[in-house]
Amino acid sequence: MYQIEQRNLFPYDLFNDLWGTSEARAYPMRTDIRLEEDRYVMDVELPGVKKEDIDISYKDEYLTISVKKEKEQKEQKNYLLCERRYSATRRSFYVGEIDRNGIQASYENGILTVSFPKESKKETPYQISIK
């Protein structure tokens, strides 16, 4: 299973970006992230995936996109070459503490669009000492 845990929204992993892993090359989740007025919007490429095979969760300040693509049950044929992959993968993004009710998602033409509010800053009382 392929998982990327990212500590911020725009990480750069030189090794995996240049060479990739076999799992990443097999089933990548290429993602664009943009900032709108009060929220982030992610566009994730998931070509050939059915909406029912996608799961999105938010836990411990991580937004995780999981895909499980299973082999369709078709009659057995005498394949000479079979390159289509059937696997499960997921990718996690650190998004901080956000309002979970503000997370929205849609899926159309192989593009999953997920939007979520900017991290909500909780103001905690802070005492300033006088010198």
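The values are calculated or read from the model by the stated rules, or taken from the named source; none is laboratory data. Given the structure is predicted, the values throughout are model-derived calculations rather than measurements. All Cβ positions, glycine included, derive from the backbone under ideal geometry; neighbour counts span all protein chains shown.
Structure data summary
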read-out: Count of residues meeting criterion [basic (Lys, Arg) and in a strand (DSSP E or B)] in the stretch 90-117; value: 2
read-out: Given (1) of a type outside the set (Asp, Glu); (2) out of contact with any Ser or Thr (no Cβ under 6 Å at 6 or more places or on another chain); (3) modelled with pLDDT of 75 or more, number of the condition residue 120 does not satisfy; value: (3)
read-out: Residue list for the stretch 87-106, restricted to those being touching a residue at least 24 places away in the same chain (Cβ under 8 Å), among the hydroxyl-bearing types (Ser, Thr, Tyr) and surrounded by fewer than 17 Cβ atoms within 10 Å (Cβ to Cβ); value: 87, 94
read-out: Test result for residue 49, modelled with pLDDT of 85 or more, in contact with a strand residue (DSSP E or B) (Cβ under 6 Å, 6 or more places away or on another chain), part of a loop (DSSP other than H, G, I, E, B) and surrounded by 11 or more Cβ atoms within 10 Å (Cβ to Cβ); value: yes
